[in-house]
Amino acid sequence: MAVSHLSDDEQMLIEAIREIAREQVAPRAAEIDHTSQFPWDMKELLAQQDILAMPFPSEYGGIGSSELAVVMAIEELARNCATTSLILAVQQLGSLPIILAGTDEQKRKYLPPLASGEWLAAFGLTEAGSGSDAAAMQTFAVRQGDTYILNGSKRFITNGGLAQVNSIFALTDPKAGTRGISAFIVEKDFPGFSVGRIEDKMGIKGSQTAELIFTDCEVPAENLLGREGDGFKFAMMTLDRTRPGVAAQAVGIAQGALDLAVSYSKQRIQFKKPIAENQGIQFMLADMATKVEAARLLVYNAAEMIDQGESNFSKYSSMAKLYASDIAMEVTGDAVQILGGYGYMKEYPAERMMRDAKITQIYEGTNQIQLLVIARALLGEK
């Protein structure tokens, strides 16, 4: 697309990522989906190429990329493999509470090994009975001297059990609702931390999604982020900034499906001519391409608003996530239709793309929650 405000160095990096994704990520996508195993080789590839360092400030070992560059990187990876793109997206998600609210000491301890890819990060807000309703969480933290004791569990946590660093949200004042939620940095080897069930999912099958269990889990008081009661604020600040990443993942999946549909339509012969010569197929492709480009513009706009420090970006972040994920489901469905019977078979990637697209309508806030965020912003504007 023509609209882009990347630096020359960032533009070169995105072009390199595009080539890496096409040549090294794409050939692994089907096997990752088939085996449902976390792709450690892809994690190492992203680490070696400094792609995982993109969301981190340079003073803590990162390369300090703009949010626009980060979403473009996620998009390029997702165009070929949604699971691999999620490694970068969740590294940002799990680390952002520390970047936003951590002390300098906390940042110096945790961010460099996350930026290098030596450690993985996870974000623990959701519980079995607490999804969109964060205030319904049942994970509690009680201070005892220089330690907080956590009890409870988190559900559907991406990188759960793999991440060395977990941003965990727990109630320190159960009577205060969302203002009683606090945020903690919980290391994988803290006493009382364990991993429960590993989920068997529809899509993004190579990404490990797990239950985290806290049984008298001992967390040093120095690992509290900000002050007690600030956790919900930090969670929302994080999600506002990472939803464009989910939207970028959706755009990448949709673009990959569109690429496949265009290529297949030129090769598939029916009635003695390529199906691309049929106006019905042409109109489907044109509609798909227009919607993908519209979604991309929404994503890039939200990312640039974050980069420019605009205060009202939350509404646009939700718009990008809402529209891009809906379009990803629509476009991947159309791609399956254009491929016909082959689209339904695992021999072709269309059905995988359709399965992968679905989660983008759900995680980091369902699209129904995005509608609520957008509506409240509209009604609250002067």
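For M319, indicate whether it is under 16 Å from the mean Cα position of the chain (by Cα), closer than 30 Å to Q282 by Cβ, open to solvent by 40 Å² or more (accessible area, probe 1.4 Å) and at pLDDT 95 or above.
Working: under 16 Å from the mean Cα position of the chain (by Cα): yes; closer than 30 Å to Q282 by Cβ: yes; open to solvent by 40 Å² or more (accessible area, probe 1.4 Å): yes; at pLDDT 95 or above: yes.
Taking the combined requirement at face value, the residue satisfies it.
Counting residues that are without any contact (Cβ under 8 Å) to a residue 12 or more places away in the chain and farther than 18 Å from I359 by Cα, which helices (runs of 4 or more DSSP H) fully inside the stretch 52-135 reach at least 2?
104-115
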request  = Would you check if there is a residue in the stretch 145-165 being among the hydroxyl-bearing types (S, T, Y), farther than 22 Å from R243 by Cα and open to solvent by 30 Å² or more (accessible area, probe 1.4 Å)?
outcome  = yes
task = Would you mind stating whether K346 is of a type in the set (K, R) and over 21 Å from the mean Cα position of the chain (by Cα)?
result = yes
message = Looking only at residues that are open to solvent by less than 30 Å² (accessible area, probe 1.4 Å) and in contact (Cβ under 8 Å) with a residue 60 or more places away in the chain in the stretch 189-206, which one is farthest from C217 (Cα to Cα)?
response = G203
query = In the stretch 107-139, what residues are open to solvent by less than 10 Å² (accessible area, probe 1.4 Å) and of a type outside the set (A, V, I, L, M, F, W, C)?
reply = Y110, G117, G124, S130, T139
query = Residues in the stretch 62-73: is at least one touching a helix residue (DSSP H, G or I) at 6+ places or on another chain (Cβ under 6 Å) and on the phi > 0 side of the Ramachandran plot?
reply = yes
query = Hey, among the residues in the stretch 16-31 that are of a type in the set (K, R) and either in contact with a Ser or Thr (Cβ under 9 Å, 6 or more places away or on another chain) or surrounded by 15 or more Cβ atoms within 10 Å (Cβ to Cβ) (or both), which one's farthest from D50 (Cα to Cα)?
reply = R28
request  = Return the total of residues in the stretch 339-354 being touching a helix residue (DSSP H, G or I) at 6+ places or on another chain (Cβ under 8 Å), open to solvent by 10 Å² or more (accessible area, probe 1.4 Å) and part of a helix (DSSP H, G or I).
outcome  = 6
inquiry  = Taking the criterion of being out of contact with any Leu (no Cβ under 6 Å at 6 or more places or on another chain), surrounded by 14 or more Cβ atoms within 10 Å (Cβ to Cβ) and more than 23 Å from A26 (Cβ to Cβ), would at least one residue in the stretch 245-260 satisfy it?
reply    = no
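The values are calculated or read from the model by the stated rules, or taken from the named source; none is laboratory data. If you're wondering where the values come from, they're calculated on a predicted model, not measured in any experiment. Methodologically, a virtual Cβ is constructed for each residue, glycine included, from the backbone with ideal geometry; neighbour enumeration extends over all protein chains shown. What goes into the accessible areas is simple: the full protein's heavy atoms, side chains included, and nothing from ligands, DNA or RNA. Shrake-Rupley method; radii C 1.70, N 1.55, O 1.52, S 1.80 Å.
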